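Accompanying notes for the structure given below.
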Amino acid sequence: MSTHCTWPEISFGEIFDISSSKRVLERQWKQSGVPFYRAREIVKLARDGYVDNDLFISEDLYDEMGKRFGVPKPGDLMVSAVGTLGACYQVQPTDRFYYKDASVLLFHPRQKICSRFFEHAFAHHAIKSQVEAGSGSTVGTLTISRANELRIKLPPFSEQRRIAAILDKADALRRKRKRAIELLDSLAQSIFLGMFGDVRVSISVADVCSKVTDGTHQSPKWATQGVPFLFVSNVRGQNINYETNKFVSYAEFENLTRRTPIEKGDVLYTAVGSYGNAAVVDGETDFVFQRHIAHLKTKSEYIVSTYLSHALESPVVMRQADALARGIAQKTVTLDSLKKFQIPLPPIEEQRRFERMVLTVKKQADRAHMANLHLEKLFSSLRHRAFSGHL
């Protein structure tokens with residue numbers, strides 16, 4: 001085992017040639033061809049190992065860039081340089097892509113290194129703190145000059161490989177657990193399609209809801225703590241996430257919800273920007289939310305809230321949302337459009353059976369999430385030991 005204090009401290013500029021790409025104009029983006037990665041795609045690759053890309057450049061432009069300026073090569077590191085900083089992805093032998101200037105930096109090794117060791121290093125707080133320091137108060141940026149100044153305690157190549165191999169085994173277990181959770185999270189929608197994909201009877205949202213409104217239009221009186229104030233990003237995957245940096249007092253909460261209380265069984269639906277996400281209110285946590293989220297109160301004699309929430313995310317309803325969403329910069333599903341959505345309406349007994357199945361899946365998913373949190377803590381501890389020379 002090596003001791004951290006014996007490792008020499010060295011700058012990244014001594015280890016890598018760090019560069020950005022040549023600019024690709026937006027008019028050169030294509031819908032097919034060679035993948036074109038921005039920071040968000042690199043973040044996804046670093047986190048999950050794969051990405052569903054939606055931007056491309058032509059084969060001719062990629063070949064031209066390769067001949068004139070070079071393209072990412074196996075062993076190079078791609079690092080996000082805007083927004084989420086320091087997400088690191090090692091280029092694989094099968095990769096073939098180009099990348100956005102300034103949004104992503106390319107780290108090409110100037111000496112023999114274990115690239116995977118540096119992938120792990122970018123996730124360690126010793127490097128993360130340097131990456132994030134002085135990055136700007138609004139949109140974070142990592143410039144080439146700052147990237148060259150990053151410093152690391154660098155063990156010998158053989159030790160880099162040993163550390164990377166240990167962390168890779170632990171990381172593989174994390175990724176398998178995350179993939180299992182993703183499958184569990186998508187299982188409810190698969191059950192929905194299996195049970196109700198061929199239902200031909202449909203009804204409008206307005207007919208099965210006693211009220212369709214939205215969040216507060218008032219400018220809230222903010223508080224340093226109290227009742228969470230939620231945004232569109234807090235409604236995802238049939239869940240309501242209460243983590244936020246905005247709060248209102250309990251007096252303000254009562255004032256904002258006086259006309260339309262937020263109650264157990266209500267359904268929330270994101271209607272602006274990232275529209276089409278739904279979730280059922282469990283009634284366990286007080287909260288208020290912005291007007292970009294629609295608020296639906298169901299008629300329980302016609303529809304089960306859990307069923308409605310999943311119906312709103314089903315392909316047949318998403319197609320309606322895509323067709324009716326207005327605007328360019330921020331697509332918006334208006335309340336009038338939402339009321340007109342046609343949803344399949346199976347017998348109430350079938351809806352309740354679906355709800356029972358979803359609750360069973362949710363319990364399994366909750367257990368998996370808790371186990372994953374424990375695994376993440378263990379991995380974080382292991383990584384700290386690795387870069388402290390105690391592994």
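The values are calculated or read from the model by the stated rules, or taken from the named source; none is laboratory data. Because the structure is a prediction, the values reported are computed rather than measured. Cβ: placed from backbone, ideal geometry, glycine included. Neighbour counts: every protein chain shown.
When you look at Ala206, is it farther than 13 Å from Val288 by Cβ, among the hydrophobic types (A, V, I, L, M, F, W, C) and surrounded by fewer than 14 Cβ atoms within 10 Å (Cβ to Cβ), yes or no? When the stated conditions are applied, Ala206 does not pass them.
Say whether the condition of being surrounded by fewer than 19 Cβ atoms within 10 Å (Cβ to Cβ), over 30 Å from Ala164 (Cα atoms) and not acidic (Asp, Glu) is met by at least one residue in the stretch 37-51. Within the stretch 37-51 (the criterion being surrounded by fewer than 19 Cβ atoms within 10 Å (Cβ to Cβ), over 30 Å from Ala164 (Cα atoms) and not acidic (Asp, Glu)), the answer is no, since none of the residues qualifies. Can Ser58 be described as within 22 Å of Tyr89 (Cβ to Cβ) and modelled with pLDDT of 90 or more? No; evaluated as a whole, the condition is false for this residue.
Tell me, yes or no, whether the stretch 265-282 has at least one residue that is among the hydroxyl-bearing types (Ser, Thr, Tyr) and part of a strand (DSSP E or B).
Of the stretch 265-282, the ones among the hydroxyl-bearing types (Ser, Thr, Tyr) are 269-270, 274-275.
When the remaining residues are screened for being part of a strand (DSSP E or B), the result is 269-270.
The answer is yes; a qualifying residue exists.
The listed residues are Asn245, Asn255, Asn239, Asn277, and the only one of them that is over 29 Å from the mean Cα position of the chain (by Cα) and of a type outside the set (Ser, Thr, Tyr) turns out to be Asn255. The set of residues from the stretch 81-117 being more than 23 Å from the chain's Cα centre (by Cα), under 23 Å from Arg385 (Cα atoms) and crowded, with 21+ Cβ neighbours inside 10 Å comprises Cys114, Phe117.
Here His374 does not qualify as part of a loop (DSSP other than H, G, I, E, B), under 30 Å from Lys169 (Cβ atoms) and either touching a helix residue (DSSP H, G or I) at 6+ places or on another chain (Cβ under 6 Å) or not aromatic (Phe, Trp, Tyr) (or both).
For the stretch 39-55, how many residues meet the condition of being closer than 13 Å to Arg175 by Cα and either touching a strand residue (DSSP E or B) at 6+ places or on another chain (Cβ under 8 Å) or in a loop (DSSP other than H, G, I, E, B) (or both)?
Of the residues in that region, 4 qualify.
For His120, state whether it is assigned by TED's automatic domain parsing to the domain that holds Glu41, touching a strand residue (DSSP E or B) at 6+ places or on another chain (Cβ under 7 Å) and either surrounded by 14 or more Cβ atoms within 10 Å (Cβ to Cβ) or not in a helix (DSSP H, G or I) (or both). No: the conditions fail for His120.
For the stretch 321-332, the count of residues that are in a helix (DSSP H, G or I) and crowded, with 17+ Cβ neighbours inside 10 Å is nonzero.
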